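Here is the structure we will look at.
The values are calculated or read from the model by the stated rules, or taken from the named source; none is laboratory data. Being a predicted model, the structure only gives us computed values, none of them experimental. Virtual Cβ from ideal backbone geometry, glycine too; neighbours counted across all protein chains shown. Just so you know, the surface numbers come from the protein's heavy atoms only, side chains and all, with ligands and any DNA or RNA stripped out. Shrake-Rupley method; radii C 1.70, N 1.55, O 1.52, S 1.80 Å.
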Amino acid sequence: MTLDTHGFFSPDMNQFRIAVKSQEPTKAWFDYAHDFNTFALDLIRDQKTPPFSDTQRFTLAALFIRAHQSFQAAMMLAENGMIGDARAVLRTAVEGVIAMYGLAADPAFTDRLADDYRLNQRKLANVVLNEPAFTAFCRPQEIAQMQATVREVDALKAARGLNAIIWDQISAKHCSDLYPLLYRPLSMDGTHTNLDAIQRHMEVDGSGRIVGLKGGPDAGGVVEVMKFACLTVLWAVEPISRAFPCDGTQCRIQDYLRRFRDLPGGEA
């Protein structure tokens, strides 16, 4: 069996992909997602890219493109049964969608994003500067640049204060359901190493007894991943459609919401 020798690069994976996209209930979700994908692409294509000076709408457009790309990546991973990896990709996308809601409500949120970036650059620089084993591999000009970064960020922090973004607080303020509905469950067994994530690679018999480990494609979590993927972009289209209004968009969104609820498990 080539899955044992080639893993996910096996030619046999094509049979898995065909099965997961042609058999219910996963077929219904892939059909819906592919149709919804064209709608998202329409939104991207119909946008007139705003000038960079319009930082709010420019950043919103970039975040939507990023969320949509992650949606497509999750679909590709799901059709290959790579469930944990798909959930990790979606967790990243959800963070970006929370940022979209913060930005849609407050144009100054771009400044929050910039400050958070500065604080992370300072943190990374200090990690290297405070560890001789790391600085030994750095050129003098690289060390000087990191020291300058730390000084600049420290000066800004002293002058006006800098605060890191805490995503559950942003979600609670602007999109209260998004954090518990998507961010937290995708974090639990997507990005974090915990028992839920480890259990995905355990082989269990009919009595619930662990009989071994598995590393191949998993069809069992495909529906839930597709549900998370579609919900993520459904959330994302709302702020982008308000920032870039177009005739008929709201009606199409409502139609996709109705169709989502009619999918197997979509009502939950």
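Here are the numbers for the structure shown:
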| read-out | value |
| --- | --- |
| Unit charges on C-beta of K, R, D, E only; dipole of region 116-268, Debye | 460 |
| Distribution of pairwise C-alpha distances over the chain, 5 Å bins, in % | 1, 5, 11, 12, 14, 14, 12, 11, 9, 6, 4, 1, 0 |
| Prolate/oblate/rounded label for region 70-201 (Cα gyration tensor, a/c 1.5) | oblate |
| Paramagnetic reach from Glu238 in region 38-77 [backbone N under 18 Å; point 7 Å along Cα→Cβ] | 40, 60-61, 63-65, 67-68 |
| Solvent-accessible area per residue for the chain (1.4 angstrom probe, square angstrom) | 55 |
| Surface share of carbon and sulfur [accessible, 1.4 angstrom probe, percent] for the chain | 56 |
| 222 nm mean residue ellipticity, helices alone, for the chain (DSSP H n ≥ 4; -39,500 (n - 2.57); rounded to 500) | -22000 deg cm²/dmol |
| Rounded, prolate or oblate (a/c below 1.5 giving rounded, otherwise prolate when a/b exceeds b/c) for region 39-110 by Cα gyration tensor | oblate |
| Accessible area (Å², 1.4 Å probe, nearest 10) - Asp35 | 50 |
| FRET E, pair Tyr117, Lys173, Förster distance 25 Å, beta-carbon r, rounded to 0.05 | 0.80 |
| Mean Cα-pair separation over length for the chain, i.e. relative contact order, pairs under 8 Å, 6 or more apart, % | 28 |
| Whether region 1-143 is rounded, prolate or oblate, judged on the alpha carbon gyration tensor where a/c under 1.5 counts as rounded | oblate |
| For region 127-267, diffusion coefficient by Stokes-Einstein and Kirkwood Rh (Cα), 20 °C, 1.002 mPa s, µm²/s | 104 |
| Part-to-part distance (alpha-carbon centres) for region 26-60 and region 150-229, which is given in Å | 24 |
